[in-house]
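Beneath this line is the structure, given in structure tokens, with notes to follow.
The values are calculated or read from the model by the stated rules, or taken from the named source; none is laboratory data. Predicted, not measured: the structure shown is a model, and the values here were computed from it. Backbone-built Cβ (ideal geometry, glycine too); neighbour counts: all protein chains shown. The accessibility values were calculated without ligands, DNA or RNA, using every heavy atom of the protein model including side chains. Shrake-Rupley method; radii C 1.70, N 1.55, O 1.52, S 1.80 Å.
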Amino acid sequence: MRKVKRKKRGPRRPLTFKRLVMITAILAISAILLFLYLNRPNEIDKLNTDYISTMNRNIVKEKVKTSYPNTFKAADYTVYGETLALYGDEYGSVELDPFLGKAVQLQNVETGEQYSFTFSGKGDAAIQLGELSEGIYDIYIYDQYTKKRIYFDAPIHGDEIVTMRRNGEVKTVTLEAGKDLFKNFNIALDKDYAYLVVKDTIPQKEIIDVLIDPSGNVLNEITGEIYEGALSDTINEKETSYALALQMKEALEKYGLKVELTRDENGALSYYGKEGRVGKGYEKKAKLFIDLSLCDEESINRPFLKVSPWTNASFANQIVYFMEKDGVELDYPYSSSDLLNSGVIFDSLLTNDQYELTNYSIDPALRESGGKATYAGQLNELGNQRYANAYGMNAVVLVYANIQNQDSINYFKQNKDLIVRSFVQGIASYYDLKEEQDETATQ
């Protein structure tokens, strides 16, 4: 048997101090990299991260200005749905606000990206938050062709605004103003300049997008009585509105939205209090409130939409465009504004003892759901005072049929699917929503 000669191993290299230091350094660096990887910021962490603190120090030093030659004072603001509006005086205190008709420009401090909007004095026509890219924005206004920087008289740290779900993501937006916003970078501003801070994040389970309010079973807080809704031999408002709400909920969820109803099939709730119909929307930060109702005016024979007079009806106008495009016949009961498309009306304002118009509209579904923008909680003392300064929901009432007109009832029953489909398409167009292929998108 042939013997195999084994090659002799050379002498082992001694473990010198230099090699020991090198091995120790490699192990330390590997441990640090592993730690950083395992503890890297994730989407959950981002929810609670202060965006300003994450900015690049060199960019902050270079692009954040401490003073401006031309400035413009803001005194108040409202949030209605996904829209933020600024005011030069306390909201509602003057008829012609200094911001009315002026163009506002947002400029991303880090990238220079710009957005332009116009203030109309109404809650739904100003800065569209859902359109903004992530970043922190300077806010300017054009006053007599002069570009001016917006500031407040005192610091502001607004509550977080969460936009609608889009492609499984949301944006969280805050209005900030203060001389010390960049104190961690050793930068002090000479005025409380306003900034919008926008973060791309993931949806939170407890926050919803849309709250649908089926009419019927409305509790009267004063008398304790329950109004079950209109009823005839051919239609039951309480049951029909609930079934219609479920159908609309299913259609909206195809766009990845999280949708809830104000009541269950037999629930009886008022429009007041934390557990009431609108309270649920405020507590869950809903952006959209849809009321489904019948009417009892004999002259009405087709569906129509009703909105708050403290809006420009831009949302409802978009919806009826798609409804008419799909062949839905709409009614036009009355109007006093050329802002409205056919099939849209403003809710009427209440009058006081001297027959003077007040700030309060008649329909509680519109008045109590819009927060500060629609004077929620200020008409009476039934329990919505906590929402008097709240961010409001963009609200619309779909009056789908007339209890006094059988032709109207028949039209609704024959065209219910078409009405729901085109109504939801209008919503999707207004908020730039796409249908989701993944059914788990709303989870």
**Asked** Does Leu339 satisfy the criteria of being in a loop (DSSP other than H, G, I, E, B), of a type in the set (A, V, I, L, M, F, W, C) and open to solvent by 20 Å² or more (accessible area, probe 1.4 Å)?
**Response** yes
**Only listed residue being of a type in the set (A, V, I, L, M, F, W, C), under 25 Å from the mean Cα position of the chain (by Cα) and within 28 Å of Ile427 (Cα to Cα), chosen from Ile127, Ile52** = Ile127
**Request:** Identify, by number, the condition in (1) farther than 16 Å from Glu134 by Cα; (2) touching a Phe, Trp or Tyr at 6+ places or on another chain (Cβ under 8 Å) that Val109 doesn't meet.
**Result:** (1)
**Message:** Please verify whether Phe304 is under 23 Å from Ala243 (Cα atoms), among the aromatic types (Phe, Trp, Tyr), touching a Leu at 6+ places or on another chain (Cβ under 9 Å) and at pLDDT 95 or above, treating the condition exactly as stated.
**Reply:** yes
**Prompt:** Taking the range 239-265 on its own, how many of its residues are over 17 Å from Val218 (Cα atoms) and of a type in the set (D, E, K, R)?
**Reply:** 6
**Complete:** The number of residues in the range 350-371 that are in contact with a Phe, Trp or Tyr (Cβ under 8 Å, 6 or more places away or on another chain), within 25 Å of Arg263 (Cβ to Cβ) and either open to solvent by 60 Å² or more (accessible area, probe 1.4 Å) or in contact (Cβ under 8 Å) with a residue 40 or more places away in the chain (or both) is 8
**Fill in**
Picked from the range 115-155 (must be without any contact (Cβ under 8 Å) to a residue 40 or more places away in the chain and touching an Asp or Glu at 6+ places or on another chain (Cβ under 7 Å)), the residue most open to solvent (accessible area, probe 1.4 Å) is Pro155
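Results for (1) over 24 Å from Met323 (Cβ atoms); (2) part of a helix (DSSP H, G or I); (3) open to solvent by 10 Å² or more (accessible area, probe 1.4 Å), shown as yes or no for each residue.
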{"site": "Gly377", "(1), (2), (3)": "yes, no, no"}
{"site": "Asn380", "(1), (2), (3)": "yes, no, yes"}
{"site": "Ala401", "(1), (2), (3)": "no, no, no"}
{"site": "Asn415", "(1), (2), (3)": "no, yes, yes"}
{"site": "Val420", "(1), (2), (3)": "no, yes, no"}
{"site": "Glu436", "(1), (2), (3)": "no, no, yes"}
**Prompt:** Among the listed residues Tyr430, Tyr411, Tyr391, which satisfies the condition of being among the aromatic types (Phe, Trp, Tyr), open to solvent by 10 Å² or more (accessible area, probe 1.4 Å), touching a residue at least 24 places away in the same chain (Cβ under 8 Å) and out of contact with any Lys or Arg (no Cβ under 8 Å at 6 or more places or on another chain)?
**Reply:** Tyr430
